[in-house]
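Step one of this worksheet: look at the structure below.
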Amino acid sequence: MPTLPPGPPEQGPPREPTPHQHRDVAESFGADAARYDRARPRYPQALVDRVVGACPGPDVVDVGTGTGIAARQFQAAGCRVLGVEVDPRMAALARRRGLTVEVAAFEEWNPAGRVFDAVVSGQTWHWVDPVAGAARAARTLRPGGRLAVFWNAGEPPADLVRAFAEVYRRLLPDSLAARQWAMPAGDAYAALALRAVDGMRAAGSFGTPEHWRFAWERDYSRDEWLDQVPTTGGHTGLPAPLLEEVLAGVGAAVDAAGGGFTMRYTTVVATAART
């Protein structure tokens, strides 16, 4: 948690679609865009600074910009940011926050001859075909420009992991929301980063890919955590009565742990420079 993609990575031959084929989930987050913008965690400043420092200039495309959470952080670091977002509801909120956003799936987006210094994607690249997306990024970047895709992988305290897992086993057995507890979030996102690296290599236009990691923490109160839970992929399509049951169970678990907890985050990055 908090934002695992559909299911753990496949072992052996895939038995179900990979995340980028779950377009219905990918396009569901705009149902409550204001909550998403308010509740989702930001990204560590050290990540933003390292990406900016590794790029030849300030022009950035933010893929799957959503409501502009990452884009605003790059703007604050001095970048000129263009968002690309598939969901017009999310794009509308990002525009109200002062961002320029074009509505398209990134694999189909037309840069119209423009070139950029960086293509970034926060908590979104698993919704993009990893090979087609990397190829599109390569055509968008000037030589030396950087593709950097990243995810926040969060680990609550172990007692809460067990308590949350029990809630989902009871209320949503065999669901996406239950599967998110099947492995540590860091492992799931490391697998996504490896998939992204494979896509960069297959695109054939990047130098040697790199993996970066940034560790940080955030304290959550019960209410802050319950505000965030409905914004994740396993919850956006739930019927309201069932979501209320889930939130009641999760809230009771946080209450039993003292009314709040510290989430240990690792921001996992896959990145490479355009040759």
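Could you give me the radius of gyration and the Dmax of the chain, taking only the C-alpha atoms into account and expressing both in angstrom?
Just the Cα atoms of the chain yield Rg and Dmax of 18.1, 56 Å.
Once Rh for the range 40-84 is found with the Kirkwood sum over Cα pairs, what is the Stokes-Einstein diffusion coefficient at 25 °C and 0.890 mPa s, in µm²/s?
233
Give me the percent of DSSP beta bridges within the chain that run antiparallel, rounded to the nearest 5.
55
May I ask for the net charge around residue 36, where only other residues with Cβ less than 11 Å from the Cβ of residue 36 are counted and Lys, Arg are +1 while Asp, Glu are -1?
Combined, the nearby Lys, Arg, Asp and Glu give 0.
Of all GluC sites (Glu not before Pro) in the range 63-119, which ones are in loop regions per DSSP and have a Cβ with at most 13 other Cβ atoms within 10 Å?
none
Once you list every other residue whose beta carbon is under 15 Å from the beta carbon of residue 219, what net charge do they have if Lys and Arg are +1 and Asp and Glu are -1?
Here the count lands on -1.
What nm value, rounded to one decimal, do you get for the distance between residue 45 and residue 202 when each label is placed 7 Å out toward the C-beta?
Result: 3.8 nm between the two label points.
Can you give the charge dipole size of the range 123-275 about its Cα centre, rounded to the nearest 20 debye, using +1 on the beta carbon of Lys and Arg and -1 on the beta carbon of Asp and Glu?
It comes to approximately 940 debye.
Every number here is computed from the coordinates shown, using simple stated rules; none is lab data. A quick note: this is a predicted structure, and the numbers were derived from the prediction, not measured. So basically every Cβ, Gly included, is an ideal-geometry build from the backbone, and we count neighbours across all protein chains shown.
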